[in-house]
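Asker: The structure follows.
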Amino acid sequence: MSTNRKNRVGSRLYMALVFFFLYAPILLLIVFSFNAGKSGVVWQGFSLQWYAELFQDRLIIQSVYTTLLVSVLATAIATVVGTFTAIGFFSMRRRWRAPLLTVNNIPMMNADIVTGVAMCLFFVAVFGGWNYLASNYAFTVNLFGAIYRITLPKLYLGFGTLLIAHVTFNIPYVILSVSPKLRQMDSNLVDAARDLGCTWLQAFGKVILPEIMPGIISGALIAFTMSVDDFVISYFTAGSSTSTLAMTIYGMTKKGVTPEINAISTILFVVVLFLLIVVNVRESRAEKAAAKRQLS
Amino acid sequence: MKRIAALTLSCALAAGLLLSGCSVERVDNTGGSAETPSGGNSSNDGNRVLNVCNWGEYIDLDLITEFEEQTGIKVNYQTAESNEALYSVLKNGGANYDVICPSDYMISQLIEEDMLQPLDYSKIPNFEKIDDRFKNLSYDPENLYTVPYTWGTLGIIYNTTMVDGPITSWSAMFDEANAGNVLLINNSRDAFGMALYYLGYSVNTTDEAQIREAYQLIADAASKGVYQGKVMDEVFLKMEGGNAAVATYYAGDYLTMLESNPDLAYVVPEEGSNWFVDAMCILKDAQNVEEAHEWINFLASTESNLRNMDYIWYASPNAEALEQYPAYYEETYGEPLDMELYEIMAAPQEVLDRCEAYLVLPEETRTLYNDLWIELGL
Amino acid sequence: MKNNRSFLAIPYVVWMALFVVAPIIMVVIYSFTTADFSFTTDNFTRMGTFAVIFTRSFKLAIIATLICLLVGYPLAYAMAREGKEFQRVAMLLIMLPMWVNFLLRTYATMSILENNGILNQLFSAIGLFDFLNNTMGTDIQYFRMIGTQGAVVLGMVYNYLPFMILPIYSVIIKLDQSLLEAARDLGANSLGVFRKVIFPLSLPGILSGVTMVFVPSVSTFAISRLLGGGIQMMLGDLIEQQFLGGAYNPHLGSAIALVMMIIVVVCMWVMNHFGEGEEQAVML
């Protein structure tokens with residue numbers, strides 16, 4: 001018993017050490033967001049000036065907004081599409097499913113830089129052809145007696161391509177976390193619902209969805225995390241006029257990151273910490289309540 | 001059946017999304033055409049925008065806000081790292097910039113490849129104030145495409161407390177005495193340029209043997225661990241924080257660094273160096289040409305040039321601004337400008353005589369530069 | 001599900017064809033052409049020049065992956081043996097850093113490792129350099145950490161360690177406790193239990209952890225640039241240079257990306273066959 005306790009102390013010490021390693025830079029970043037000076041190394045006194053200046057900085061606010069918008073949209077689209085696709089894959093014959101799942105794995109297994117470069121080449125080639133068409137051809141339409149000339153819009157890399165890229169690398173994570181839940185589901189449940197007169201859509205809403213919900217939620221969570229954390233793919237697909245927070249930071253790492261970035265990261269960090277704690281406390285309470293119910 | 005309906009619906013939706021960006025123009029048979037703007041296309045419906053690409057730390061940011069307030073044009077301001085990187089971004093096709101600000105040799109290359117459009121100088125009255133020294137230069141001999149933005153010299157920035165004695169020669173960039181404390185500039189033209197100067201060759205040489213010799217010089221120094229890193233704008237951090245001792249960089253940026261680290265010194269080495277002009281130009285496929293001209297004219301004004309000079313410490317090509325700057329400085333800060341600093345910013349003729357401008361290199365030489373530059377990272 | 005719902009996958013199959021398969025075909029086309037799109041294999045014959053970069057990248061990535069495994073496995077194992085509340089908190093602590101952008105974390109690491117950075121200042125404050133200089137007769141003002149390969153490996157380990165811990169943890173936590181008890185009852189000591197039961201059963205987690213650390217490590221360009229100073233290029237830097245960097249040549253860049261992709265795929269395939277085709281462990 002005593003060796004066991006000693007082991008436990010040792011293993012906890014080890015964990016603390018690793019966590020210290022993981023958190024040292026983050027702590028540094030948070031501490032220096034309150035620094036009165038610009039330096040990230042020398043402490044010059046406490047100040048909240050960077051938090052005040054942050055809200056004046058158009059570039060940072062804009063890129064935080066872009067990041068959140070693209071992550072939310074991409075997660076929403078990927079979650080819906082991924083869930084339905086998982087159901088589609090599930091009811092497919094293995095002969096078809098296997099190769100499709102392999103292709104589905106490509107964005108996950110491929111290095112980010114290859115995905116980014118490939119998409120960049122693809123978009124640029126397609127848009128190049130399109131823009132050539134758009135600048136050389138125009139439709140004329142006769143509508144209610146007046147003649148209109150319709151010129152096609154020119155397309156450039158921008159928010160649209162960024163969103164497509166994020167959706168593309170998010171969907172596989174959703175499929176991957178929904179599929180096991182589908183396999184675990186008792187297929188008789190759906191049949192029973194259908195026998196009782198449900199349409200497929202009703203059966204989906206009343207039976208399938210609640211069963212696979214945990215998978216959908218964890219898939220959405222992974223997708224959102226991946227979107228927020230992504231830099232490489234965004235860097236190649238966002239074009240010149242759209243910039244996510246990661247891209248802004250990359251640009252700044254060259255000139256010196258302003259402490260405003262530390263400030264915004266601290267804010268985001270605290271918000272996420274708060275959210276995760278709330279979710280965890282609620283979950284653990286629910287679990288404890290369930291355990292009690294079982295006992296009584 | 002449902003499936004077909006869904007498919008049609010989604011197709012229609014996609015088409016609708018695409019078409020919403022179309023510009024629709026009414027063409028009357030009588031000849032006059034009245035514009036009927038439809039939503040989506042930003043350049044047509046009152047939201048005037050301008051996409052600008054400049055170097056990092058290369059403008060007084062307040063000028064952008066001021067321009068926006070004056071004209072109602074929303075400026076989308078981006079930065080590129082080096083001429084070569086800017087060229088990649090342009091060629092890659094991912095960018096939709098209107099105004100860019102490359103250096104002399106890159107401008108020639110862009111003109112050569114038909115990527116710029118001639119300017120309408122009647123819309124840029126401030127062009128007149130540009131000093132004649134900076135008009136009709138070799139990169140744009142008839143001055144059809146460019147309005148100069150800044151000029152300056154390339155030199156060595158060093159920390160006087162970290163090296164022994166004053167540096168006067170490019171040899172410091174290859175010297176093992178400072179191993180691990182030297183920063184190599186992260187663009188092929190400037191990096192090979194300094195080696196070519198040190199070897200006594202022209203920076204515009206097309207002789208492969210000479211270029212290879214220059215490459216070898218840098219590669220040897222690199223293999224001896226002389227260089228701590230390849231940097232462009234990272235240089236500010238490294239030099240200001242005393243994390244490196246010697247770097248090749250531009251005069252204007254030295255003056256910025258000096259504000260936070262008084263131990264730094266700048267020299268245009270005795271072997272000679274590069275003097276450059278960065279000029280504003282409009283890309284051939286620019287979407288917002290009208291706005292681009294307004295922007296260029298705004299930045300070419302004496303007022304903008306004075307403020308830019310004060311902020312970024314690069315010399316202005318505007319004759320009035322160049323002359324008025326010492327007085328402007330005294331007025332703003334209540335103390336006279338150190339003329340030594342002024343001469344570092346706006347190099348006097350005897351320094352410029354030692355210097356050479358980069359000319360555009362022929363295609364094979366450019367490929368050689370690229371290949372050797374990559375091999376340097378091996 | 002009586003009637004077949006596989007048509008639900010159709011939109012995504014179309015999407016994949018457009019945005020997964022077509023882009024990769026573009027890379028293949030680019031890698032086999034010159035600037036004016038005539039066929040060539042030059043881009044591949046030049047690959048020999050970059051062998052140094054390939055070996056360097058793979059070497060550093062393998063080292064980083066091994067360190068992650070050596071550090072991450074015991075951590076995941078120790079975590080799995082703790083109480084439920086503890087696990088919950090530990091999980092949270094592992095996930096949380098991912099929410100601070102990795103570039104920013106790397107940048108903070110950079111300010112720790114600089115010649116004049118926090119670590120060196122700490123050393124000099126506790127008199128380490130004075131001590132060393134007095135006893136060894138050297139003249140050290142700082143330890144050079146930034147711009148070295150060690151710093152790059154450290155950056156990779158630091159950034160990708162959570163990707164190693166999570167899959168291993170999620171496999172170990174699902175292990176059937178009765179199996180372990182059975183092994184103990186049959187006389188295996190704790191080392192034996194680990195070697196014969198726990199380790200083999202956690203192999204799928206290890207494999208997916210290794211993949212998730214190795215692939216981003218071998219292709220990184222931001223980490224090597226920030227912590228390695230960019231003097232010794234890695235594959236990611238090399239590819240980025242050809243597209244958005246200082247040596248524009250997307251054809252050569254595509255070829256390098258393609259070769260890297262193929263090597264990585266082959267590695268993964270071989271490795272997964274070691275795991276006897278175990279179903280891929282889900283990351284979280």
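Values quoted throughout were computed directly from the atomic coordinates according to the rules given, and no laboratory measurement underlies them. Computed from a predicted model, the values in this text were never measured in an experiment. So basically every Cβ, Gly included, is an ideal-geometry build from the backbone, and we count neighbours across all protein chains shown.
Asker: Evaluate the relative contact order of the stretch A:33-295 (contact order divided by residue number), counting alpha-carbon pairs under 8 angstrom at least 6 apart; express in whole percent. Present the calculation step by step, with values, prior to reporting the outcome.
Answerer: Numbers: 266 pairs, mean separation 79.4, N = 263.
Relative contact order here is 30 percent.
Asker: If you count, for each residue, the other Cβ atoms within 10 Å and average over each peptide, how do C:92-100, B:361-369 line up from highest to lowest? The partial results should precede the final answer.
Answerer: On the way: C:92-100: 18.6, B:361-369: 15.6.
Ranking the peptides C:92-100, B:361-369 by packing returns C:92-100, B:361-369.
Asker: Give me the inter-chain shielding for A:186-197: mean count of other chain Cβ atoms within 10 Å, whole number please.
Answerer: Values: counts 0, 2, 0, 0, 3, 2, 0, 0, 3, 1, 0, 0.
Rounded to a whole number, the mean comes out at 1.
Asker: For the peptides C:56-64, A:134-142, A:90-98, what is the packing order when you average, over each peptide's residues, the other Cβ atoms within 10 Å and list the highest mean first?
Answerer: Working: C:56-64: 20.9, A:134-142: 11.6, A:90-98: 13.9.
Top of the packing list down: C:56-64, A:90-98, A:134-142.
Asker: Under 1.5 on a/c is rounded, so check that first for chain B, then, if it is not, pick prolate when a/b is larger than b/c and oblate when it is not; a ≥ b ≥ c are the square roots of the alpha carbon gyration tensor eigenvalues.
Answerer: On the way: a/c = 2.08, a/b = 1.56, b/c = 1.34.
Cα axes put chain B in the prolate bin.
Asker: Decide, for the protein assembly as shown, between rounded, prolate and oblate: order the square roots of the alpha carbon gyration tensor eigenvalues as a ≥ b ≥ c, take rounded if a/c falls under 1.5, and otherwise choose prolate if a/b is larger than b/c, else oblate.
Answerer: Values: a/c = 1.90, a/b = 1.28, b/c = 1.49.
Cα axes put the protein assembly as shown in the oblate bin.
Asker: Using only Cα atoms, tell me the angle between helix B:188-199 and the longest principal axis of chain B; keep it within 0 to 90° and round to the nearest 10.
Answerer: On a 0 to 90 degree scale, this one is about 20.
Asker: For residue A:206, list the aspartates and glutamates whose Cα falls under 16 Å from its own Cα; do not include residues on the same chain fewer than 8 positions away.
Answerer: Filter leaves A:186, A:191, A:195.
Asker: Let me ask something additional. What angle, in degrees between 0 and 90 and rounded to the nearest 10, separates the Cα long axis of helix B:363-375 from the longest principal axis of the Cα atoms of chain B?
Answerer: 70
Asker: When Cβ neighbours within 10 Å are restricted to other protein chains, what is their mean count per residue of peptide A:36-43?
Answerer: Numbers: counts 0, 0, 2, 5, 10, 10, 4, 0.
Per-residue shielding by partner chains comes out at 4.
Asker: Partner chain Cβ atoms within 10 Å, averaged over the residues of B:294-300 - can you pull that number for me? Could the numbers behind the result be given before it?
Answerer: Working: counts 0, 0, 0, 0, 0, 0, 0.
Rounded to a whole number, the mean comes out at 0.
Asker: Would you mind pulling out the separation of the Cα centroids of the stretch A:205-258 and the stretch B:217-271, in Å?
Answerer: After rounding, the separation between the Cα centres reads 36 Å.
Asker: Something else: When a/c reaches 1.5 or more, the comparison of a/b and b/c decides; with that in mind, is the stretch A:33-295 rounded, prolate or oblate per its Cα gyration tensor?
Answerer: Taking the square roots of the gyration eigenvalues as a ≥ b ≥ c, the stretch A:33-295 is oblate.
Asker: Looking at the protein assembly as shown only, what percent of DSSP beta bridges run antiparallel? Nearest 5 please.
Answerer: Values: 38 of 54 bridges.
Of the beta bridges lying entirely in the protein assembly as shown, close to 70 percent run antiparallel.
Asker: Tell me the net charge near residue C:242. Cut-off is 13 Å between Cβ atoms, residue C:242 excluded, with +1 for each Lys or Arg and -1 for each Asp or Glu.
Answerer: Local net charge: -2.
Asker: Tell me, how many Å apart are the Cα centres for the stretch C:17-87 and for the stretch A:1-62?
Answerer: What the calculation gives is 30 Å, centre to centre.
Asker: Before anything else, pin down the relative contact order of chain C: Cα pairs under 8 Å, at least 6 apart, normalised by residue count, whole percent.
Answerer: Taking the mean separation of contacting Cα pairs over the length of chain C, I get 27 percent.
Asker: If I model a spin label as a point 7 Å beyond the Cα along the Cα-Cβ vector, how far apart are those points for residue B:128 and residue C:29 in nm?
Answerer: Between residue B:128 and residue C:29, the label points sit 5.3 nm apart.
Asker: Can you name the helices of chain A, as whole DSSP H runs, whose Cα span along the helix axis is 18 Å or more and whose Kyte-Doolittle mean is not below 1.0?
Answerer: Values: long enough: A:2-32 (43 Å, 0.96); A:58-90 (46 Å, 1.63); A:94-109 (22 Å, -0.21); A:112-136 (36 Å, 1.27); A:159-184 (38 Å, 0.85); A:209-229 (29 Å, 1.27); A:259-295 (53 Å, 0.83).
Those that clear 18 Å and a mean of 1.0 are A:58-90, A:112-136, A:209-229.
Asker: While we're looking at this one, here's another question. What does the helix-only formula give at 222 nm for the protein assembly as shown: each DSSP H stretch with n ≥ 4 adding -39500 (n - 2.57), the total divided by the residues, and the result rounded to the nearest 500 deg cm²/dmol?
Answerer: -19000 deg cm²/dmol
Asker: Straight-line reach from residue B:135: which aspartates and glutamates have Cα under 17 Å away, leaving out those fewer than 8 places along the same chain?
Answerer: Answer for residue B:135, where 17 Å is the Cα cut-off: B:104, B:120, B:278, B:320, B:356, listed by chain and number.
Asker: A follow-up question, please. For chain B, find the longest principal axis of its Cα atoms and tell me its angle to the long axis of helix B:251-260, 0 to 90°, nearest 10.
Answerer: Between the helix axis and the principal axis of chain B, the angle is about 80 degrees.
Asker: Okay, next question. Looking only at chain B, where both bridge partners belong to it, what percent of the DSSP beta bridges are antiparallel (to the nearest 5)? Walk me through the numbers on the way to the answer.
Answerer: Values: 25 of 41 bridges.
Taking every DSSP beta bridge with both residues in chain B, the antiparallel ones total about 60 percent.
Asker: Within 9 Å, Cβ to Cβ, of residue B:304, how many net charges do the neighbouring residues add up to if Lys/Arg are +1 and Asp/Glu are -1?
Answerer: On the way: positive: B:307; negative: B:60, B:66, B:303.
For residues surrounding residue B:304, the net value is -2.
Asker: Taking a threshold of 18 Å on the Cα-Cα distance, which of the pairs A:254/B:230; A:181/C:174; B:129/B:284; A:38/A:254; B:74/B:129; A:292/C:84 fall above it?
Answerer: On the way: A:254/B:230 11 Å; A:181/C:174 15 Å; B:129/B:284 25 Å; A:38/A:254 15 Å; B:74/B:129 26 Å; A:292/C:84 16 Å.
As for pairs spanning more than 18 Å Cα to Cα, those are B:129/B:284; B:74/B:129.
Asker: What aspartates and glutamates does residue B:238 reach when the alpha-carbon gap must be under 15 Å and sequence neighbours fewer than 8 apart in one chain are set aside?
Answerer: Cross-link targets: B:253, B:259, B:263, C:114.
Asker: What order, most packed first, do the peptides B:179-185, C:12-18, A:117-123, A:127-133 have when packing is the mean number of other Cβ atoms within 10 Å of each residue? List each step's numbers first, then the result.
Answerer: Details: B:179-185: 22.1, C:12-18: 16.3, A:117-123: 27.6, A:127-133: 13.9.
Highest to lowest by the protection proxy: A:117-123, B:179-185, C:12-18, A:127-133.
Asker: Kindly put A:292, B:224 in sequence by how many other C-beta atoms sit within 10 Å of each C-beta, fewest to most. Walk me through the numbers before you get to the answer.
Answerer: Values: A:292 9, B:224 13.
In increasing order of surrounding Cβ atoms, one gets A:292, B:224.
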